[in-house]
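Step one of this worksheet: look at the structure below.
The values are calculated or read from the model by the stated rules, or taken from the named source; none is laboratory data. Model, not experiment: these values are computed from the prediction. Here the Cβ positions follow ideal geometry from the backbone for every residue, glycine too, while neighbour counts run over all protein chains shown. Heavy atoms of the whole protein, side chains included, go into the accessibility calculation; ligands, DNA and RNA do not. Shrake-Rupley method; radii C 1.70, N 1.55, O 1.52, S 1.80 Å.
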Amino acid sequence: MPADPITAAQLFERFFAPHYPPDALADLASARSTDANPAGNPSILAQIEHAAEVFARLAPGAFGAPDLGLDFSDASVHRLGAALTRERRDAWLAPAEGARDADGAPTRSGAGEPPMIVTLVTHGALYVGACVARNHGGTWLVRRPLWESLVRLESRAGTGDLAIFQWWLKALSDEEIGRGRLVDRYRTHVEVPTFDAEQLPILAAGDRRIPRLAKVRYDTLYKHLRAHLPELRSVGEDFPSPERFEEMGFKSMEFALLGGGRMLLMHGATAEGVHLFWLDASGFVKSVYYPADSFPAHVVQVEGQKVRVIVPVRGETQAHEMLWWGA
């Protein structure tokens, strides 16, 4: 029989819970919401920074990736997330030495070091948090134990308290392992909200209207853009290939200039759902896909800093909202 899937909750219970103070474990909700540094003791913040620096120094060896390059940049988080593979996770689950219980977890009283996964995740959560703090002005909300600490990030999307330890647990579960979800969360909750979109060059006047394209093929799209947005010289190397674009089978394509003309949003429905493409003066930047019913038609609304995408799913309406420069 196949082994039961490893969930984030199971990872916590089997490998991390034994290392929590008993009172914190007895009331996790309180521990996760209580300020563990109300006096602002700088030595506690220094402990967090030290743990992050230890991770940056030692993680490449634990990953077997000497070129991991943990330099506290946003790009280093992308490299880190890509390195979270099932094979590495499974190797880290084994305890270094000492006793295990009947379920294979290290015992609370067992001698020896905890499994590598405990050391990596508790320090790795502080490393990613330090990247948010150093690069984007995030501030630490200290919790007990320290790896439960949150990072408060203020941006035009609002104020968010980032539970990065939870990101790691989810990214290492069977549901998400190998799918780059740590990077996805970092991009969604850190990079996108703090992106300085006003620095993008203006592609065209923001009030220009680009008509709907009724018959969508790669060649007709190219001609349509040349006719109505000649400032866009190329869709970019990362835009879907002509073959892939034809396979999508768009019913039609609509266009909207965003951010005062700094980006072009193209969106269209296929038989399976709705695709959105963002392009700037250099071409393709990113895309999003939402599964959707074929009827009624999807709706895209642009309101100030936000874009709202409304799609029908199994007869009900779902709304997705994001900043205008994309999810």
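Looking at the structure I just gave you, is LEU80 out of contact with any His (no Cβ under 9 Å at 6 or more places or on another chain), of a type outside the set (Phe, Trp, Tyr) and under 18 Å from THR122 (Cα atoms)? Yes; evaluated as a whole, the condition is true for this residue. Quick one: would you say ARG143 is in contact (Cβ under 8 Å) with a residue 12 or more places away in the chain, within 28 Å of SER30 (Cα to Cα), in contact with a strand residue (DSSP E or B) (Cβ under 8 Å, 6 or more places away or on another chain) and assigned to a loop (DSSP other than H, G, I, E, B)? When the stated conditions are applied, ARG143 passes them. Residues of region 194-206 being assigned to a helix (DSSP H, G or I) and open to solvent by 20 Å² or more (accessible area, probe 1.4 Å), which ones? Hits for region 194-206 are THR194, GLU198, GLN199. Restricting attention to region 108-137, the residues being part of a loop (DSSP other than H, G, I, E, B) and closer than 23 Å to ALA59 by Cα number 4. Scanning region 299-327 for residues that are more than 19 Å from ARG262 (Cα to Cα) and basic (Lys, Arg) yields one hit, ARG314. Counting only residues that are among the acidic types (Asp, Glu) and either in contact with a helix residue (DSSP H, G or I) (Cβ under 6 Å, 6 or more places away or on another chain) or modelled with pLDDT of 95 or more (or both), region 217-242 holds 2 of them. A single entry from LEU162, LEU150 fulfils the requirement of being under 16 Å from GLN47 (Cα atoms) and of a type in the set (A, V, I, L, M): LEU150. The single condition among (1) without any contact (Cβ under 8 Å) to a residue 24 or more places away in the chain; (2) open to solvent by 80 Å² or more (accessible area, probe 1.4 Å); (3) within 17 Å of LEU120 (Cα to Cα) that ASP23 does not satisfy is (3).
The set of residues in region 26-61 that are open to solvent by less than 60 Å² (accessible area, probe 1.4 Å), of a type in the set (A, V, I, L, M) and either assigned to a helix (DSSP H, G or I) or at pLDDT below 95 (or both) comprises LEU28, ALA31, ILE44, ALA46, ILE48, ALA51, ALA52, VAL54, ALA56, ALA59.
Scanning region 178-193 for any residue that is surrounded by fewer than 17 Cβ atoms within 10 Å (Cβ to Cβ) and over 16 Å from the mean Cα position of the chain (by Cα) turns up nothing. Residue pairs whose Cβ atoms lie under 7 Å apart, separated by 6 or more positions or on different chains, with the first residue in region 213-233 and free of Cβ contacts under 8 Å to residues at least 40 places away in the same chain and the second open to solvent by 70 Å² or more (accessible area, probe 1.4 Å) and among the β-branched types (Val, Ile, Thr), do not occur.
Answer yes or no as to whether GLU254 is touching a residue at least 24 places away in the same chain (Cβ under 8 Å) and out of contact with any Lys or Arg (no Cβ under 9 Å at 6 or more places or on another chain). Considered against the rule, which asks whether it is touching a residue at least 24 places away in the same chain (Cβ under 8 Å) and out of contact with any Lys or Arg (no Cβ under 9 Å at 6 or more places or on another chain), GLU254 comes out as no.
Taken over region 207-221, the residue count meeting the criterion of being open to solvent by 30 Å² or more (accessible area, probe 1.4 Å), in a loop (DSSP other than H, G, I, E, B) and not acidic (Asp, Glu) is 7. Per the listing ARG143, ARG152, ARG134, the residue uniquely open to solvent by 10 Å² or more (accessible area, probe 1.4 Å), in contact with a helix residue (DSSP H, G or I) (Cβ under 8 Å, 6 or more places away or on another chain) and charged (D, E, K, R) is ARG143.
Select from region 146-167 the residues that are assigned to a loop (DSSP other than H, G, I, E, B) and either modelled with pLDDT under 95 or basic (Lys, Arg) (or both) and list them in ascending order. Residues satisfying the conditions are ARG156, ALA157. Determine if region 62-77 includes at least one residue that is among the small types (Gly, Ala, Ser), in contact (Cβ under 8 Å) with a residue 12 or more places away in the chain and part of a helix (DSSP H, G or I). Yes.
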